[in-house]
Structure formats: C-alpha cells, structure tokens
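These notes concern the structure reproduced below.
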Amino acid sequence: MRGAGGAALRLEGLGKSYGGVTAVAGVSLAVHAGEFVTLLGPSGSGKTTTLMMIAGFVAPSAGEIMIDSRPVARVPPEKRGLGMVFQNYALFPHMTVAANIAFPLKMRGWPRAEWRPRVARALEMVKLPGYEERFPRQLSGGQQQRVALARALVFEPRVLLMDEPLGALDKKLREHMQAEIKRIQRALGVTVLYVTHDQEEALTMSDRIVVMRDGRIEQFGTPVELYEEPANAFVADFIGESNFLSGTVVGFAPDGSAELRGAGGRRFRAAPRGAVAAGAAVAAALRPERLRLMRNGEESSGEENCWEGRVAEIVYLGEAIKLRVAVDELTLTAKMRNGDGGPTPCPGDRVRLAWRADHTVLLGTPQPGEEAGAP
Amino acid sequence: MSQSSPFVPATAAAMGRRSRRPPLALCLLLPALLLLGFVFLYPMLDIVLRSIAAPRGGVSLAHYGKIIAQPAYLRVFLITFEIALSVTVATLLLGYPLAYVLVTARRGIAAAIMACVLLAFFTDVLVRTYAWLVILGPEGALNQVLRALGSAPLNLLYNRYGVLLGMCYALLPYMVLTLYSVMRGIDRNLLQAARNLGASDWRAFRHVFLPLSLPGIAGGSLLVFILAIGYFITPRLLGGAGDQMIAMVIEQQVELGVDWGFASALAIVLLALTILGFLLYDRLVGLKSLFESKI
C-alpha cells in the first residue's frame, strides 16, 4: 500500500465548553505534514475532546481546525477525510474483515473492482493476509486492532487520528503494536495525531508531544525536550519522575550556574534557563537517575552538588533500584542501575548523593511550597 | 459434568456423591417444570385428545373435516392472519422510530417517553380498549372535535379500523421494548466510526444501525404477531361482523355451542399454523444471514 503522504494540521484557538465548564481552552497547535504528534495528559485534560473536535464528533465552541490550508471546523465528519482508530476499535460486528475494510471505499464510491485488491493490500500492510472472510468476533484483540488500522488507512487519508488505540492490549502486545504503528506511519508518511495517557508510549512513539492539563497545553516539544527541559512542575512530574527542589537565588557562580538556597538553608546549584534574577524564588526539577550514590570516601567527579541523607526505603525494580533518601525534611528519590557494582545500601544507612548543576532544571513558574520534595 | 452442579467441587462429583443427590440445576428447574406440566402440557394434551375424540368413544377427525369443509372457518383464519400481519407491520413502523428516539434522545426526554410506553404496557387491556370506545364512538371525543371543525364524522368503531387501532395500541409496547433492548446494546462508537469512514448520517444508519437492530425487528415482530394471532378482547369490542378472529370463534364454540371438541380442533389448527409460520419465518428470514454482510 502506498500512502498519499501527510497533511499539515493546525489548531487555532480551539475551544470547547459545556455549559459553564471548559473542557478545552483555546488550544493552538501546528503539526507538520508527516509528523507523529501525541496528545498526552491525565484523564480530564481535554486531549480526547480535542481529538473528537478534529474528527468532527464534537462541535468546537471556538477556534478553527486547518487541514493543510482548508478550514474544517464546520465540515461534517464524513467530509473531513481523516482516518481514525477508536479506543475499542469500533469494528462493525456484522461485517467480515473485508467488508469492514471496504466500508470507507464503498462510502466514497470507489469502483467495486478496486475493493478486493485494496483490502488485500491493507491486510498485508498490517500483517493479516488472508483474514478477509473472518468476523471481528473471531479475532484476538491485537488482530482487531490491526483490522481497525487497515480500515482507517485503506482510503489513504493524509491524517490519522488515534484515540488510545492500545489501551486494551497487554504490555507485550502493546509494545509490539507501537513498533508496528510506527513502521506503517513511516512507510506511508501519514500525519498521526495520537492520544494517550501513557507517557512511556508517548515518549517512544512521538516526534513531538503535547502535554495537556485542564484543557490547556502545558508544553509542546520533542520527547528529549520534555524530559530534559520540562517547562513546569506538572510536565516534570507527568513525564518520568522528578525530585522537586525549591529555593531562592542567592548568587551566580563564575561558570554561570545559579547558587540557590533551599529549605533548611541547604545550598545547591542549578543551570539557569533564561533570565533569573538574584533573590527570585524558583523551583527546580531533578531526575532520580541523575543522582549518583557516592561510595564511602569517594570524591565527587565534577558534580557541583552533594547532599548527605539517610536511606528511608529501597524499591527493587529489576533493572534498577530506587532509593528514597531523607535529607532533613526533604525526601529525594534516586534511581541507580542494577549491577552498577558496589553493595546496595540498606534502609537506615547514611549515604551521599551527588548531582550536576546542569541536571538541575529550573522550572518556568515558581512553585508553591507544597510542590517541594519528592512524591 | 460439574456444570450441572456448580456448587459441588469437581473432585467430590468424581467421587460419586453426585449420584446420591439430584443435580442442583434440576432442583432449581423443578417448580417451573411442574407448573408448566400442570397448567400447560396437561391441558394441551387434553385439548388434543378432545379434538380427535369421537362422540361415542374412539378416534375421529370429523372436527377437522368440518373446519376444512366450511369456507367460513377458513375465512376466519385468513382474517386472523391478515389482522395479525397488519398489526405487526404497523407496530414495527410506529415502534422503530419511537425506540430509536428512546435510545438517542437526551435522558430526560427518553425517560418521559419510556414512562408513556410503560404506562400503556401496565394498564389493563380491557381498560385501554374501553378507552378507545370513548374516543372513537359516533359521539366520541374524536368525532366531536371533527364536527366542531366542520368535518364529517368518521366511522372508526365496529370495523377493521377500530380493531387495528386498538390492537396496535395494545401491542406497540411489546414491539418498542423489544426493539429498545436491542438498540440500547448497539455501540454508539460504531456510528461515529461509520461517519468518520465517509458515511453520511443516513448511510451510517442504513449500513450500521439498521443491520445491527435486525434481531430486535425480528424478535419484536415475532412477539407481536404471536400475541396478535390469539387476540380476543379488542377485536370483539372494537370490531364488526367481518372482523371475527379465530380466538373469538373458539370462545363462541365453548360459550354458546358448548362444542368442546370442535373448539379444541380450531385451537389445534391455530397452534399448528402458528408453529408453521414460525418455522417458515426462521427459514426464510434466516436471521443470521440477514444480519451479516460480506463483500
């Protein structure tokens, strides 16, 4: 199957409110042609409502949707030409796999002679050749997912919408389907807008991720940007795991890193982003895997920060070990690779944690006190 | 094997304790089976025997011969099926949109409609039939309105119109509730999927909702048809001489003629025709193939 390439998708101040309740508050977003963009957020963040407005099932209260340069906000769903994979697949139970996949061709008035070869090619693409005459109920969840994908792509849409398509599959199958979807998307060059609440799925699949909360975009960027430079505490916490440190800027080191005084007078250094004035109250995020457990008598190797604390808890994760270390009233979470060598500390042991200033990410908005400390 | 006694562990069943105790399923079914046996099977058998009993003992098919010999009785059967079929089609045409609104309307509206349907359902059939007398009569509410509007009065009582109106009204809830239960089980996502794939509102209905609601159409029609075939009070009160249905003739034979044998024969023919109709329906309509679509 060849693709028709992708279309650019642009949302301009797209909003939806029900009565007085705002579900989506003026979302603006530009997705390049052929890009894989994920809307990521907790339930109630407005990501599904946004997708439903793009699909045409929910009428926006405000704003416009542009596909390439065509405004479609007032176009009925069947005229938008978007492929869509639903959360529960939404395969027609009374139709065979072939009839399901041929449905969009039939509705679009494609010549009947083209149905069979196109269906066969679509099934080949999703690696289910020869399944034409089965009914959906005779397929496993993963197979139904593939048929849904074939049906959504058979008419060569230039944008594919996916609403938590892998939510019902078990972990192994989900990872497999993630790779399959990426393979197909690359082969066809179709633009994909993907909705999920699974941050790992978003990180592994997306070119760029839109993190949403309460109907607003918190941050839009590549997985690396979101993980390494989260814009605020919500993003830092939602994508991966973060320790939050709050403090006041007391000065600047010669290398440009900011000197901060945290709770209890503890000092630490962070690489400032943008202009930070001395005296400003700021919050910083620190990834658990950036904390290094220093062995007894070991000297820091370039880390600007080193705090001492007491091990409160050890969580064995298999490939990694998580330590919760109490530093005064603060608890830091450190994650070390299993098999890094050296004995694993025990609860109650005193340990030293070191980390680099440029791994301490200052967050955009100053966070109130309750954000300080690891969860 | 442990299915018949779910509360007995398989090992206990294997040890032979099952043989000393009747299976639980049978115990649970027994009261219903006994009741059915006494109030249904036994009278049924009795009716069959009466229909073939000769006056002086022995077996005779004279009653059946009489039914075939007299065109009047065949005509009654014909009228019965005609009325039952008309009522089935009419309730389907009226009930389908109603059930559709019930599953698609906002909750408040749907609840109000459902209340109306259930009210009709729970009101006694005699009460409802007398209400039609009041509405349809020559001096009834409908004709008074028509007269006030300067129109000629309509003759809607003691003829086929009255029978059809009354029976449709009485049987509509059965159709609506059967359709409703099937329609409610149709995943609304499927309609969205159809729209997304290029179907207009109407075509999404035509290609997805309608086929998926066919079991409801089949079930509701069968239910209404079977109920209509044996209908008795409504055609008697609202119908005329030409609207005699078979149940009325059977009643006359018992009440007036006191001919239990002939009445039994009529009842057996009605039952046989109904079963035949059901089998034909199952064959012709072939629910499964009608329901599924291939390319």
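Across the residues of A:93-104, average count of Cβ atoms on other protein chains within 10 Å?
The mean count of partner-chain Cβ atoms within 10 Å per residue comes to 5.
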Could you sort the peptides B:229-236, A:96-103 by per-residue average Cβ neighbour count (10 Å cutoff), highest mean leading? A:96-103, B:229-236
Of the residues B:F77, A:T344, A:S246, the Cα lying farthest along the dipole of the protein assembly as shown towards its positive end, which is defined by charges on the beta carbon of Lys, Arg, Asp and Glu, belongs to B:F77
Under 5 Å, built H, 5+ apart or other chain: amide partners of B:S60: B:A53, B:A54
Which residues does a label at B:L149 reach in segment B:95-138, if reach means a backbone N under 17 Å from a point 7 Å past the Cα toward the Cβ? B:135-138
Amide H contacts under 5 Å for A:G215, placed H, 5+ residues apart: A:G46
Against the longest principal axis of chain A, how steep is helix A:112-125, in degrees 0 to 90 to the nearest 10, with axes from Cα atoms? 30 degrees
Cβ-Cβ FRET estimate between B:A62 and B:V254, R0 fixed at 22 Å, reported to 0.05: 0.80
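Report the trypsin sites (Lys or Arg not before Pro) located in segment B:68-163 that are in a DSSP loop and have at most 12 other Cβ atoms inside 10 Å of their Cβ, or state none.
The qualifying sites are B:R106.
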Please report the antiparallel percentage of the DSSP beta bridges confined to the protein assembly as shown, to the nearest 5. 75 percent
Taking a ≥ b ≥ c as the square roots of the eigenvalues of the Cα gyration tensor, with a/c under 1.5 meaning rounded and otherwise prolate when a/b exceeds b/c and oblate if not, the protein assembly as shown is prolate
I want to verify a result. In a Gaussian network model of chain B, Cα cutoff 10 Å, which of these has the top mean-square fluctuation: B:L146, B:L28, B:L280? B:L28
Mean-square fluctuation check for chain B, GNM, Cα pairs under 10 Å: which of B:G185, B:G95, B:G108 is largest? B:G108
Where q = 0.17, 0.23, 0.27, 0.30 Å⁻¹, what log10 of I(q)/I(0) comes from the Debye formula for segment A:89-143, counting one point per Cα? -0.50, -0.89, -1.16, -1.32
Please build a GNM for chain A, connecting alpha carbons under 10 Å apart, and tell me which residue among A:M294, A:M53, A:M177 fluctuates the most. A:M294
On a C-alpha basis, how far is the centre of segment A:202-269 from the centre of segment B:235-267 in Å? Whole number, if you could? 88 Å
With an 8 Å Cα cut-off and a minimum separation of 6 or more residues, compute the relative contact order for segment B:95-155 in percent. 15 percent
Within 10 Å of each Cβ of A:83-91, how many other protein chain Cβ atoms are there on average? 4
Note down the magnitude of the dipole of segment A:102-201 about its Cα centre, charges +1 on Lys and Arg C-beta and -1 on Asp and Glu C-beta and zero elsewhere, to the nearest 20 debye. 460 debye
Phi angles of segment A:17-32, converted by Karplus (6.51 cos²θ - 1.76 cosθ + 1.60, θ = phi - 60°) into ³J(HN,Hα) in whole Hz with x for Gly and Pro, give 10, 10, x, x, 8, 8, 8, 9, 10, x, 8, 10, 6, 10, 10, 6
Reduced to Cα centres, the span from segment A:123-156 to segment B:31-71 in Å works out to 57 Å
Between A:R266 and A:E175, take the C-beta separation as r, use R0 = 41 Å, and let me know the FRET efficiency to the nearest 0.05. 0.50
Once amide hydrogens are built 1.01 Å from N within the peptide plane, the residues lying 5 or more places from A:V85 or on another chain with amide H under 5 Å from its amide H are A:L161, A:M162, A:D163
Three-way shape call for segment B:21-135 based on the alpha-carbon gyration tensor, with the a/c threshold at 1.5: oblate
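Relative contact order (percent) for chain B, with alpha-carbon contacts under 8 angstrom and 6 or more residues of separation?
Computed over chain B, the figure is 24 percent.
Ranked from highest to lowest mean number of other Cβ atoms within 10 Å per residue, what is the order of the peptides A:68-76, B:218-226?
B:218-226, A:68-76
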Evaluated at 4 °C and 1.567 mPa s, the Stokes-Einstein D of segment A:157-236 based on the Kirkwood radius over Cα pairs, in µm²/s, stands at 96 µm²/s
Debye, to nearest 20: dipole size of segment A:9-235, +1 on Lys, Arg Cβ, -1 on Asp, Glu Cβ: 980 debye
On each of the three principal axes the extent of the alpha-carbon atoms of chain A, given in whole Å and largest first, is 77, 45, 36
Peptide B:207-219 - average C-beta neighbours from other chains (10 Å radius): 2
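Of the cross-linked pairs A:K182/A:K335; A:K47/A:K182; A:K79/A:K172; A:K47/A:K172, which ones have a Cα-Cα span greater than 28 Å in the structure shown? Display every interim value, and only then the final one.
Details: A:K182/A:K335 30 Å; A:K47/A:K182 21 Å; A:K79/A:K172 37 Å; A:K47/A:K172 25 Å.
From A:K182/A:K335; A:K47/A:K182; A:K79/A:K172; A:K47/A:K172, over 28 Å: A:K182/A:K335; A:K79/A:K172.
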Give the cross-link partners of A:K16 among the aspartates and glutamates, using a straight C-alpha distance below 20 Å as the criterion and excluding same-chain residues fewer than 8 apart. A:E64, A:D163, A:D214, A:E218
Please work out whether segment B:66-290 counts as rounded, prolate or oblate from its C-alpha gyration tensor, where a ≥ b ≥ c are the square roots of the eigenvalues and a/c under 1.5 means rounded, while otherwise a/b larger than b/c means prolate and anything else oblate? oblate
Quote the charge dipole size of the protein assembly as shown about the Cα centre in Debye, to the nearest 20; the model charges only the Cβ of Lys and Arg (+1) and of Asp and Glu (-1). 1820 debye
Using the Cα centre of the protein assembly as shown as origin and beta-carbon charges of +1 (Lys, Arg) and -1 (Asp, Glu), tell me which of A:T360, A:A23, B:V48 is placed farthest towards the positive end of the dipole. B:V48
B:K66: which aspartates and glutamates have alpha carbons under 14 Å from its alpha carbon, excluding same-chain residues fewer than 8 sequence positions away? B:D259
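A short reminder: the numbers here are calculations on the coordinates, not readings from a lab. It should be emphasised that the depicted structure is a prediction, and the values quoted were computed from it without experimental measurement. Virtual Cβ from ideal backbone geometry, glycine too; neighbours counted across all protein chains shown.
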